[in-house]
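The values are calculated or read from the model by the stated rules, or taken from the named source; none is laboratory data. Computed from a predicted structure; not experimentally measured. In this analysis, Cβ positions are derived from the backbone assuming ideal geometry, glycine residues included, and neighbour counts consider all displayed protein chains.
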Amino acid sequence: MRAHAVRLLVALFSCGWVLPVWLAASQYVAYVRVELAPRLSGEDPVNSFPFLPFVERMLAVASVWLLLVLFFWAWRLQGRERA
């Protein structure tokens, strides 16, 4: 049972970086719909959510997470080659 839990945690760690990328992409699309499109049509939208800073933070989180995943798997696979 413990082995299954470890496998599940490794799988979540390995694939989890996709969630911040998805959040960033969805918020960027929302920015285009809610902020950019009205501005291009001459309207002045009033919105308090900081879309682009949120997108930037989520992409930074996803990048660091992906870097950790790549390091983890490179380290783990290198260890198997030596064994």
When Ser26 is run through (1) surrounded by 10 or more Cβ atoms within 10 Å (Cβ to Cβ); (2) of a type in the set (S, T, N, Q); (3) not in a helix (DSSP H, G or I), the failure sits at (3)
Picked from segment 31-45 (must be of a type in the set (D, E, K, R) and part of a helix (DSSP H, G or I)), the residue nearest to Ser14 (Cα to Cα) is Arg33
Residue set Ser63, Ser48; condition farther than 20 Å from Leu9 by Cβ, modelled with pLDDT under 95 and hydroxyl-bearing (Ser, Thr, Tyr); output residue Ser48
